[in-house]
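Everything on this sheet refers to the single structure shown next.
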Amino acid sequence: MSNMSGMYKALPFPPESNLFPLKGRDNKVIIVSIIGKSSYNHYTSKASHFNTILDADAFKGVQEANENEIKGKLEYIYDPESQVVYLHYHCLYDAERLTVVCQRLAKESQHKDFHSFLQQEDFHQAKIMLFLFNVSHIIVLSSPSSSFDISYVRLFRSLDAIRMKLQKCLSEQLLGFPISKDWVLGGRPCSPRVLFVFERATIDCSSEDADTSSASRSRSQKIPPIKRLQHAIEDQIYKILRKSRVITNISNNSLFAVPANQEFVYVHCKQNEMADPTSYYLNQLRHDSSSPKDSDSLKSRSYQTNRRSFLSGSGLTEGLRLSSSPRNGGENSFKEFLCQHVELALTKGFDDNVGRHPVPAIFEITTCETWFTIATKLYEYFFAEKLDPKAQPHLNTLKSLLETETRFSENRCNKVLPLAESAYQENLPQHYVLSYHLSKLAQAKKVFSQFARGPSCDKYIAQLEESCVNFWKNGRQLCEEISLTGNHCVNPLHRNPEEHETEGNMHLPIMPHTSQLKMKAACNCGRKQADKDDPFDHKAANFDFYDALDKICCKTLQHISFPVFEPSTTEIRAGQSLSSPSVQSTSLKISSRSQGREVHSEKDIVLGMSNLSLVLSLGQSGGGSDLYNNTEHSIHAPQHSIHQDLDQLDHNEESLIPTEQELEQEMDHVHIENQEEHQEYQLEHEPDESPHNASRQHSTTEYLPGMIHSESPSGLLPTFPSWSLCSLGKASTYNHTQGMDLPGFLSGSNFLLPYDITVRAEKDKWPSVGETVSKKGKQKRATKEISEVNCRVFIGEEYECPRGHRFFCSGPEKIIKVSSTSTVKDNANKLVNLDMPLYCPCHCRSSKGYMAQMMRIYIVVPEGPVKMFLNPRVQPVPQPCILFRPEVEEPIELPNGQIWVLRLPHIYLGEHGAYTMPTDPQLIPQCRLLKGVFCIKELMTID
C-alpha cells in the first residue's frame with residue numbers, strides 16, 4: 001500500500017448529511033469495528049495498531065481533551081483503496097476518555113454518584129455495541145492484557161437476547177433500501193466475525209532466538225511459542241463461547257461467529273509504536289552519540305516520520321527496530337492477520353456455519369453510500385432523544401439486564417429495610433424528643449448497614465429516614481422546650497397558653513410546659529418554704545413563685561420597691577439592645593469609674609460608693625485625714641489615720657493654745673457647719689420633683705425584655721422586678737446566740753457574722769465643776785469633742801440548694817460552724833473584702849452532689865451615726881460577662897435599726913439567653929458576687 005498519510009483522518013460518526021466520502025462512494029465496502037479496552041497509556045489507543053495498516057497516523061492516542069464530551073463517541077476512517085470502513089468506539093475504558101471524565105467530575109462540586117454514572121455509561125456502550133453488531137462485518141475486540149475478560153460473556157448474552165427482540169423493529173427501518181431480502185429480514189448484513197486482539201503477551205518472544213540446539217531451533221520454527229499461545233487462547237475462548245451458547249452451529253442465529261479454519265486470536269509481542277515520545281527522544285540521543293553517520297541522515301526527519309519508519313521495519317538499532325517477521329509477531333503479521341479476513345469478506349464472504357447439516361450463511365456487502373445511509377438511520381434510531389415506542393421496552397430490558405448489581409442491591413435492601421424499621425421501633429417510649437429520635441435512627445441505620453449491600457443503599461437509607469420520621473411525627477413527638485435549668489418538657493408536642501394560634505400549631509393541645517421536676521425554695525423573706533416548679537421562663541423563676549408566696553407570708557413586711565415598667569398606652573413593645581462595647585471593656589470602664597475617690601456632689605458620692613467595701617474589722621477605725629472637711633466617708637480609710645489625726649490635734653493644742661474667746665468662736669463655727677451639712681444631706685435624700693429629675697424618667701412605651709445589667713440600654717425598665725428587698729423586723733430582735741430562726745437551715749449554719757464598725761463623731765463636752773468659771777470670771781459654755789463610736793453590724797449571705805437546704809458561709813465555700821456554746825468564731829471580713837462565689841457545694845447527703853446558689857443577703861443595721869447601703873453586682877458566668885444589678889442605678893439605702901433581706905434572682909437572663917451554672921467544675925468559682933456590696937456613710941453629731 002502506498003503512503004497516503006495525508007488523506008486519512010478520523011472523523012466523527014455519524015457524518016453530517018450529504019458529506020459521505022466522495023471518493024469510492026460506489027465501491028462496495030467491508031465494515032471493520034474496533035471495540036474493547038485500551039492499555040493505560042495516554043499516548044496510544046486500542047486503534048493505534050491500525051495505523052500500520054493504513055500507513056498513516058490516523059488513529060491518534062493524544063487528542064484534544066473536550067470536557068463537554070462525557071458520553072462515548074464513534075469515529076470512522078474510510079480507506080477507498082482497501083474498500084474498508086474502520087469504526088472506532090471511544091468508551092470509558094479508554095485511558096484518554098477516562099482522564100477527561102475524571103477531570104470533569106473533579107471540577108464539579110456536586111456530581112451524582114460515580115456508580116450511577118458508570119451504569120449509564122455501560123448502557124450507552126451496550127447500545128453502541130448492539131448497533132455495531134447490526135452494521136459490521138468484522139469486529140475487533142481489543143484487550144490490554146493476554147487474558148480474555150469473562151465479563152463479556154454476560155454482555156454478549158444480553159445483547160443477543162435484545163437483538164432477537166429488536167429484529168422486527170430493525171427490519172421495518174431497512175425497508176426501501178437497495179439491499180437483499182435476507183438483510184431486511186435479519187436486520188443485519190451478516191453474522192459478524194469477531195477477532196480477539198491482545199496487546200501484551202505473557203511470554204518472552206525473544207527467548208526462541210537464544211536456542212543453541214539445532215533440534216530445538218527446528219521445533220521452534222515449526223510452531224513458535226507465540227503461535228502456541230494464540231492457539232491455546234483460541235481454544236479457551238471457543239469453549240467458553242460454546243458453553244455459554246453465545247455462538248452456535250448456525251451463525252445466522254448467533255450474535256456473532258468465529259472462523260472454524262482461520263486464526264481469530266492475535267497477541268502482540270512488542271509495542272506497535274512508540275508509546276512515549278520522551279523515551280523515543282532519549283533512545284535517539286543515545287544512538288546519536290554512538291552512530292554519528294546515521295544521525296546526520298535523520299536531522300531533518302520529524303518524530304512522526306521516524307515513527308513510521310520504525311513501523312515499516314527500518315529501525316535505527318536492534319533495540320528500537322520492530323521486526324517484520326511473522327514468527328516474531330511484528331506489525332506486518334498483524335496486518336496479514338487482519339487482511340486475510342478482509343480479503344475473504346470481499347471475495348467469498350463468511351460462512352461460519354458448522355455441523356452435519358449446514359445451512360447457507362447470510363452475507364452481503366453494499367456500496368459505501370448505501371451503507372452510510374443505512375448506518376446513519378440505524379444510529380439515529382438507537383440514540384434519538386425520543387425512542388420508538390416499540391423499541392423502548394426492549395432497551396429498558398437491556399438496561400435491567402446490565403444492572404445486575406443494582407437488582408441484587410434492590411432485593412437485598414428490600415429484605416433488610418423492615419429489620420431496620422423494627423430496630424427503630426423497639427423499646428420506644430410513648431413520647432420522645434428529637435435527640436432520642438436521632439439516636440434511634442442512627443441505631444436503625446447501623447442495623448441496615450450491617451446487612452444491606454450495593455449501590456441502592458443510599459436510596460433505601462433515605463426511605464428508612466422518611467419512614468422513621470413519619471413514625472415519630474405520628475403523635476409521638478415530645479415537646480422540645482427546655483427549662484432554664486436544662487430539663488426537657490415531658491408533655492407531648494403542644495401549644496403554650498400564651499402562644500398565639502397559627503396554622504401550624506392550631507391542631508396541637510394547649511397546656512403549660514412542665515418537666516415534672518420540683519425544687520424546694522423559700523420566699524422573699526426566707527420564712528416560708530414551698531415546692532417550686534422547674535421554670536421555663538425567667539418570670540416564673542424570678543417573680544411568679546415569690547409573688548405567690550409574698551401574698552401569704554411577706555405581704556405585711558416593709559418592702560423597698562424597685563422601679564418597673566409602667567405603660568402609658570396600650571401599644572407597647574420590647575426595647576432593642578443598643579450597640580455597646582464588648583463586655584470586658586465595659587466592665588473595665590465601670591470598675592475604673594467606680595474607683596474615683598474625689599466626690600463633689602451627692603451623685604458622685606453614690607457612684608463612688610459602688611466600689612466601697614465595709615472593711616472595718618473588730619476594733620478597726622474608719623474615717624480619714626479630711627474628717628473635718630467632709631462628713632461622708634468611705635470605711636476604706638486606714639485605722640492609723642485616726643490616731644495620727646488625734647496625735648496631731650494634741651500636738652497642735654500643746655504648741656498653739658488659743659485664747660478662750662478664739663476657742664469659743666471656732667467651736668460655734670464648726671457646730672454651724674455641721675448643722676448646715678446635715679440639713680443639706682437630708683434635702684439631697686428626699687424625693688426631688690425638680691424638672692431635672694423629670695428629664696430622666698424611664699420610657700413608658702418600651703420595656704426591657706430581660707434583666708437590668710451593665711450593658712442594658714438606659715431609660716428602659718423590665719415589666720417585673722427580679723430582686724426583692726424587705727425587712728424582717730427590728731434589729732434588736734436578732735439574737736446572735738440563736739441565729740436566724742428560719743426553716744431549711746443546716747444545723748449550726750443559721751448564724752449571721754458580726755462586723756464591728758468604729759466611726760468618729762462629735763458630741764458636747766460640758767466643763768467640770770472646777771472649770772465652770774474662767775479666770776476672767778465668765779461662765780464657760782459646753783465644748784465639742786471628737787470621740788469614737790462602735791457599731792456592730794451582722795451580715796450573712798445565704799445559699800440554697802434545690803432540695804431546700806440553706807446555710808450561711810463565712811468565706812468562699814466555707815459554711816459557718818458554731819461551737820458547743822453557740823458562739824460564732826468567724827467574722828464578716830471575708831464577706832466584705834472578697835468576691836463571694838455564686839455557687840457552693842451543699843453538704844446534704846445526696847449522691848448527685850447538689851450545688852447551692854446564693855439567694856439572699858441578710859444585714860442587721862443598728863441604730864447609730866451610720867447609714868448602710870447595698871450595691872450588689874453579680875457576675876453569673878466567667879469573664880467576659882455582663883454584670884447584673886437591681887433595677888436602681890444608685891446603691892440602696894437601708895433604714896437603721898432593722899433586719900433587711902435582699903433576695904437575689906434565681907435565673908440571670910440577658911439578651912442572648914439565660915446564664916446558667918457552668919458544667920465545668922473549674923469554672924464554677926469564677927461565677928461570683930463582686931465585692932463592694934456593703935457601703936457605709938457617716939452621719940453628724942451625736943448628742
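Any read-out appearing in this document is the output of simple, stated calculations on the displayed coordinates, not a laboratory observation. A quick note: this is a predicted structure, and the numbers were derived from the prediction, not measured. Cβ placement follows ideal geometry from the backbone for every residue including glycine, while neighbour counts extend to all protein chains displayed.
Using R0 = 51 Å, the C-beta based FRET efficiency linking Glu499 and His115 works out to 0.60. Using the Cβ-Cβ distance between His507 and Glu813 with R0 set to 56 Å, the FRET efficiency works out to roughly 0.65.
In the structure shown, do any of Lys551/Lys817; Lys60/Lys127; Lys23/Lys390; Lys551/Lys830; Lys23/Lys377 have a Cα-Cα gap over 29 Å, and if so which? Pairs exceeding 29 Å: Lys551/Lys817; Lys23/Lys390; Lys551/Lys830. The packing ranking of peptides 384-395, 193-204, highest mean first, is 193-204, 384-395, where packing means the average number of other beta carbon atoms within 10 angstrom of each residue. Put in line by how crowded their Cβ is, counting other Cβ atoms within 10 Å and starting with the fewest, Met868, Met164 read Met164, Met868.
Of Thr44, Thr99, the sequence from fewest to most neighbouring Cβ atoms within 10 angstrom is Thr99, Thr44.
Each of His431, His49 was scored by other Cβ atoms within 10 Å of its Cβ. Listed from fewest to most, they are His431, His49. The calculated FRET efficiency for Arg200 paired with Phe177, based on their beta-carbon distance and R0 = 45 Å, is about 0.60. Basic side chains Lys and Arg get +1 at the Cβ, acidic Asp and Glu get -1 at the Cβ, and with that the dipole of region 403-473 about its Cα centre reaches some 140 debye. The amide H of Val267, built 1.01 Å from its N in the peptide plane, has Phe198 as neighbours under 5 Å, considering only residues 5 or more places off or on other chains.
Relative protection proxy for 121-127, 143-149, 518-524, 175-181, from highest mean packing down: 518-524, 121-127, 143-149, 175-181 (other beta-carbon atoms within 10 angstrom).
Applying the Karplus relation 6.51 cos²θ - 1.76 cosθ + 1.60 with θ = phi - 60° to region 508-514 yields 3J(HN,Hα) values of 8, x, 9, 6, x, 6, 7 Hz, where x marks Gly and Pro.
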